[in-house]
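Worksheet: one structure, shown below.
The values are calculated or read from the model by the stated rules, or taken from the named source; none is laboratory data. Quick caveat, the model's predicted, so the values are computed rather than measured. Glycine also receives a Cβ, built like all others from the backbone with ideal geometry; neighbour counts cover every protein chain displayed.
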Amino acid sequence: MSVRTFGHKSKMSDRSNDPWLASISDLQRLDVDDGDNQSYLVNILKNQKMRKINKHNKPDEKISLSHGAGGKLSLELITSLFQGSFKNKILNRLEDAAVLDLNGQKVAFTTDSYVIQPIFFPGGDIGKLAVCGTINDLAVMGAKPQALSCAMIIEEGLDKSILKKIVLSMKRTAQDAGVQIVTGDTKVVEKGSADKIFINTSGIGLIPPGMNLGKERIRAGDQIIISGTIGDHATAVLSSRTGLEFQTRVKSDCCYLSDLIGSILGFKEKIKFMRDPTRGGLASVLNEMVGGSGAGALLYEEKVPVKDEVAGFCELLGYDPLYLANEGKVIIVTAPEIAKKVKSLLRNNPKGREAEIIGEITVKFKGMVGLKTKFGGTRVVDMLAGEQFPRIC
């Protein structure tokens, strides 16, 4: 299986290098006989008018869905506001979990909120997602998850049977993972103040001696591994949301990864970096990893595993699977000499049976991610401003 590259070129893309800055004389030279061109002209005129208005009247910037989607706007909001306000050496690492030293014992501590829509989807539900997502954020730090909290914001009018189904799903998932839910909180808000239910889970885990993960440890020649096919979760959720159906139904990959990741931790210092590619997908995680560093990442398109149904879904709707959210996959960067052994160990577990070595760390793309295509060319894989669709987790 391989990634298909899905690009879309506007019919008007060769009419102006920067349509938003096109002058009136440029616009007058455009052929506006067909509807597409007329719409293009109208949009340019509207934007020129808005530019003039905004020069004199600059309202406060509003938060958009893209600010929570795991792309450039999310990172900008986090670094400029939250990191800037709460600045400390632990937070400044911007990892999936904070690593605390408590009297010589390294402890991972994480928190996450879940607002997915719909709350039940093929392969999971918001409760299972909340437990698995928090366990995974601990596991990718090399920690053994110990305990979780659970806080719920419930909309007035939610059926108790739905709430019970979600709670029992959380119970089963936590028990299977060997983790207890030990504390929590419940709030109910007026109808219309939330969308059925939102869940926050926090978790703690113990990090064994000798485990030291971080993007600063990656070096040229290190290998990039993905534990399985990408884009399954986003495809399952969006197809359920829109009513699209496939010949073979795509299920979310939502699962906890502590057992899978635990199988490779014996390599210790040879494992350099791990992250679960949720919002923003594989491309966003790798961009965050190499951004601002002296190294880059090179992916091999033919090696990135994608289910045929996911590739077809992306082709139909114009998405790129490199940016689709996952909830049961882990990206691992290893020293080159152990990469094949790690891949083999991952494949021994059903959750990692489609694991692949998909790329390497290189100095050719400093601070960037490159993709070597199936046709031999290379393109830059940038981080999106926002996600391709919101409320995926």
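Return a yes/no flag: does the stretch 326-334 have any residue that is small (Gly, Ala, Ser), at negative phi and touching an Asp or Glu at 6+ places or on another chain (Cβ under 6 Å).
Checked against the condition, which is being small (Gly, Ala, Ser), at negative phi and touching an Asp or Glu at 6+ places or on another chain (Cβ under 6 Å), the stretch 326-334 yields at least one hit.
Let me confirm something: among Val342, Val333, which residue is in a helix (DSSP H, G or I) and at pLDDT 95 or above?
Val342
Within the bounds of the stretch 125-142, is there any residue that is closer than 18 Å to Thr173 by Cβ, surrounded by fewer than 19 Cβ atoms within 10 Å (Cβ to Cβ), assigned by TED's automatic domain parsing to the domain that holds Ile181 and in contact with a Phe, Trp or Tyr (Cβ under 9 Å, 6 or more places away or on another chain)?
no
Among (1) among the hydroxyl-bearing types (Ser, Thr, Tyr); (2) loosely packed, with under 15 Cβ neighbours inside 10 Å; (3) under 16 Å from Val140 (Cβ atoms), where does Ser284 come up short?
(2)
Results for (1) touching a residue at least 12 places away in the same chain (Cβ under 8 Å); (2) under 25 Å from Lys351 (Cβ atoms), shown as yes or no for each residue.
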| position | (1), (2) |
| --- | --- |
| Gly133 | yes, yes |
| Pro145 | yes, yes |
| Ser161 | no, no |
| Lys164 | no, no |
| Asp185 | yes, no |
| Glu190 | yes, no |
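Here is a list: Lys364, Lys351, Lys374. Which entry is more than 16 Å from Ala283 (Cα to Cα) and within 21 Å of the chain's Cα centre (by Cα)?
Matching residue, one of Lys364, Lys351, Lys374: Lys351.
Would you be able to tell me the number of residues in the stretch 238-260 that are modelled with pLDDT of 95 or more and surrounded by 19 or more Cβ atoms within 10 Å (Cβ to Cβ)?
The total comes to 8.
Hey, can you tell me all the residues within the stretch 337-393 that are among the hydrophobic types (A, V, I, L, M, F, W, C) and within 19 Å of Thr278 (Cβ to Cβ)?
Scanning the stretch 337-393 gives Leu346, Ala355, Ile358, Val369, Val381, Met383, Leu384, Ala385, Phe389, Ile392, Cys393.
Can you go through Leu322, Leu298 and tell me which one is assigned to a helix (DSSP H, G or I) and either out of contact with any Gly (no Cβ under 8 Å at 6 or more places or on another chain) or aliphatic (A, V, I, L, M) (or both)?
Just a single option satisfies the conditions, and that option is Leu322.
Looking at the stretch 214-237, which of its residues are touching a Ser or Thr at 6+ places or on another chain (Cβ under 8 Å) and surrounded by 15 or more Cβ atoms within 10 Å (Cβ to Cβ)?
Correct list: Lys215, Ile218, Asp222, Gln223, Ile225, Asp232, His233, Ala236, Val237.
From the residues in the stretch 178-213 that are touching a helix residue (DSSP H, G or I) at 6+ places or on another chain (Cβ under 7 Å) and within 22 Å of Ser161 (Cα to Cα), which one is surrounded by the most Cβ atoms within 10 Å (Cβ to Cβ)?
Thr201
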